[in-house]
Amino acid sequence: MGARQKKTVLVSGASTGIGRATALRLAARGHRVFAGVRKEADADSLRESARGIKGSGELEPIHLDVTIPDDISAAVRRLEDEGLELDGLVNNAGIVVASPLEVLPIEELRKQFEVNLFSHAQMIQAFTPSLRVARGRIINMSSIAGRISNPFMGAYCASKFALEAYSDALRMELAPWGIRVLLIEPGPIKTPIWEKSSAAAREMQSSIDPERLKLYAAGVERMKHVAELSVRVAPEASKVARCVSHALESAFPRRRYPVGRLMHLQLYAGLIAPHAVRDWATGHVMHWRRGSLA
């Protein structure tokens, strides 16, 4: 297979969406994939899909809740018991906490960071000794929201900004051992995470002071509308999976992989434009401008 020689890979959050597409693609390309799931029904579904994979690849679902240290330790032992070293760690598990920051319960903000940053750090610390032996790769699932922040998505954006900074520092720290640290930065992608986040937001809002929440009602509704439009024309999760396989297999992987329609244009225009222009443009799209409610 050349650069695509069979590798041992662990993918977290493989039940649905990007994680599932990634696990199936890597197995189809000949790798041995351990796919982390939290429910047995998701494990059964993955096994069923894996039956159609041709070639020498393998896909094995394992129980893995990345917020539970015992689950992570069990995954480490699973590889050790077979004498395997890890060539690729794909930290994909994540959640979206959407809310105006003024009314966001602090425990929800902590939960956002617990899943999107701290759990990844725990996984990396647990598997780095194995990755060091294999001169493997750490592939962290970030987002365009890790480069450009948006209103009512502040908690999610903050967790991804933090993951970007963490990954940049880690990449330099692990370079002497040949471990590469790579970032995948999807824009809107057609996955169940958006439906899950909407349901979680509705449940969370029931515990928030309705009078304070009402102040943001128009902006939140507009955000939902913009998100629905974006997802409607968004690419499938398979497009992200292709970037992950390139990051894992290429002799010259990119440090960052923006993924989505016109994503490079949006990303660099957003980063180059002055903050005042970005704020104005976002406010125009969201119908949420400075002084509009004064």
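Across the stretch 199-227, what is the number of residues that are among the small types (Gly, Ala, Ser) and touching a residue at least 40 places away in the same chain (Cβ under 8 Å)? Even if it seems obvious, please write down each step before you answer.
Kept after step one, since they are among the small types (Gly, Ala, Ser), are these residues of the stretch 199-227: 199-201, 206-207, 217-219, 227.
Next cut, touching a residue at least 40 places away in the same chain (Cβ under 8 Å) only: 200-201, 207, 218-219.
The number of residues fulfilling the criteria is 5.
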The one condition in (1) of a type in the set (A, V, I, L, M); (2) in a helix (DSSP H, G or I); (3) modelled with pLDDT of 95 or more that Ala201 fails to fulfil: (3)
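Do we find that Leu131 is modelled with pLDDT of 95 or more and either in a strand (DSSP E or B) or within 23 Å of Phe152 (Cα to Cα) (or both) in this structure? Break it down stepwise before answering.
On the way: modelled with pLDDT of 95 or more: yes; either in a strand (DSSP E or B) or within 23 Å of Phe152 (Cα to Cα) (or both): no.
So Leu131 fails the test.
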Selection status of Leu183, farther than 26 Å from Met123 by Cα, hydrophobic (A, V, I, L, M, F, W, C), surrounded by 12 or more Cβ atoms within 10 Å (Cβ to Cβ) and touching an Asp or Glu at 6+ places or on another chain (Cβ under 9 Å): no
Residues that are part of a helix (DSSP H, G or I) and either touching a strand residue (DSSP E or B) at 6+ places or on another chain (Cβ under 7 Å) or surrounded by 15 or more Cβ atoms within 10 Å (Cβ to Cβ) (or both), drawn from the stretch 247-277: Ala247, Leu248, Glu249, Met263, His264, Gln266, Leu267, Gly270
Yes/no for Leu24 being at pLDDT 95 or above and either under 13 Å from Val244 (Cα atoms) or touching a His at 6+ places or on another chain (Cβ under 7 Å) (or both): yes
Selection count where residues are in a loop (DSSP other than H, G, I, E, B), within 20 Å of Ala27 (Cβ to Cβ) and of a type in the set (Ser, Thr, Tyr), scope the stretch 38-93: 1
Qualifying residue in the stretch 67-85 (condition: surrounded by 23 or more Cβ atoms within 10 Å (Cβ to Cβ) and within 25 Å of Arg171 (Cα to Cα)): no
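Pull up the stretch 46-66, narrow it to residues that are of a type in the set (Asp, Glu) and farther than 15 Å from Gly88 by Cβ, then point me to the one that is surrounded by the fewest Cβ atoms within 10 Å (Cβ to Cβ). Before the answer, list the steps.
The first filter runs over the stretch 46-66 and keeps only residues of a type in the set (Asp, Glu), leaving 48, 58, 60, 65.
Still in the list and also farther than 15 Å from Gly88 by Cβ: 48, 65.
Numbers: Glu48: 9, Asp65: 18.
By that ranking, first place goes to Glu48.
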Conditions (1) more than 21 Å from Ser167 (Cβ to Cβ); (2) over 17 Å from the mean Cα position of the chain (by Cα); number of the one not met by Glu195: (2)
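With the structure loaded, tell me whether Arg289 is farther than 27 Å from Leu24 by Cα, surrounded by 12 or more Cβ atoms within 10 Å (Cβ to Cβ) and at pLDDT 80 or above or whether it fails that test. Don't jump to the end; show me each part of the working.
Values: farther than 27 Å from Leu24 by Cα: yes; surrounded by 12 or more Cβ atoms within 10 Å (Cβ to Cβ): yes; at pLDDT 80 or above: yes.
Here the answer is yes, as Arg289 does meet what is asked.
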Selection count, the stretch 154-169, where residues are crowded, with 19+ Cβ neighbours inside 10 Å and over 15 Å from the mean Cα position of the chain (by Cα): 1
Residue tally, condition touching a residue at least 40 places away in the same chain (Cβ under 8 Å) and part of a helix (DSSP H, G or I), over the stretch 228-246: 11
The lone exception for Leu117 - which of (1) modelled with pLDDT under 95; (2) within 30 Å of Pro151 (Cα to Cα) it fails: (1)
Residues satisfying the stated conditions in the stretch 1-45, i.e. hydrophobic (A, V, I, L, M, F, W, C), over 17 Å from Glu249 (Cβ atoms) and surrounded by fewer than 22 Cβ atoms within 10 Å (Cβ to Cβ): Ala41, Ala43
Members of the stretch 127-153 found to be surrounded by 22 or more Cβ atoms within 10 Å (Cβ to Cβ) and hydroxyl-bearing (Ser, Thr, Tyr), listed by number: Ser142, Ser143
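Check the stretch 9-23 and report whether any residue there is in contact with a strand residue (DSSP E or B) (Cβ under 7 Å, 6 or more places away or on another chain), touching a residue at least 12 places away in the same chain (Cβ under 8 Å), part of a helix (DSSP H, G or I) and of a type in the set (A, V, I, L, M).
Filtering the stretch 9-23 for residues in contact with a strand residue (DSSP E or B) (Cβ under 7 Å, 6 or more places away or on another chain) gives 9-15, 18-19, 22-23.
Next cut, touching a residue at least 12 places away in the same chain (Cβ under 8 Å) only: 9-15, 18-19, 22-23.
Add one more test, that the residue is part of a helix (DSSP H, G or I), and what stays is 18-19, 22-23.
Filter once more, so that each one left must be of a type in the set (A, V, I, L, M): 18, 23.
Yes: one or more hits.
Taking the condition of a type in the set (Gly, Ala, Ser) and either loosely packed, with under 10 Cβ neighbours inside 10 Å or in contact with a helix residue (DSSP H, G or I) (Cβ under 8 Å, 6 or more places away or on another chain) (or both), does Gly283 pass? Break it down stepwise before answering.
Details: of a type in the set (Gly, Ala, Ser): yes; either loosely packed, with under 10 Cβ neighbours inside 10 Å or in contact with a helix residue (DSSP H, G or I) (Cβ under 8 Å, 6 or more places away or on another chain) (or both): no.
For Gly283, the condition - of a type in the set (Gly, Ala, Ser) and either loosely packed, with under 10 Cβ neighbours inside 10 Å or in contact with a helix residue (DSSP H, G or I) (Cβ under 8 Å, 6 or more places away or on another chain) (or both) - is not met.
The values are calculated or read from the model by the stated rules, or taken from the named source; none is laboratory data. Everything numeric here is computed off the predicted structure, so don't read it as measured data. Note that each Cβ is placed from the backbone with ideal geometry, even for glycine, and that neighbours are counted across all protein chains shown.
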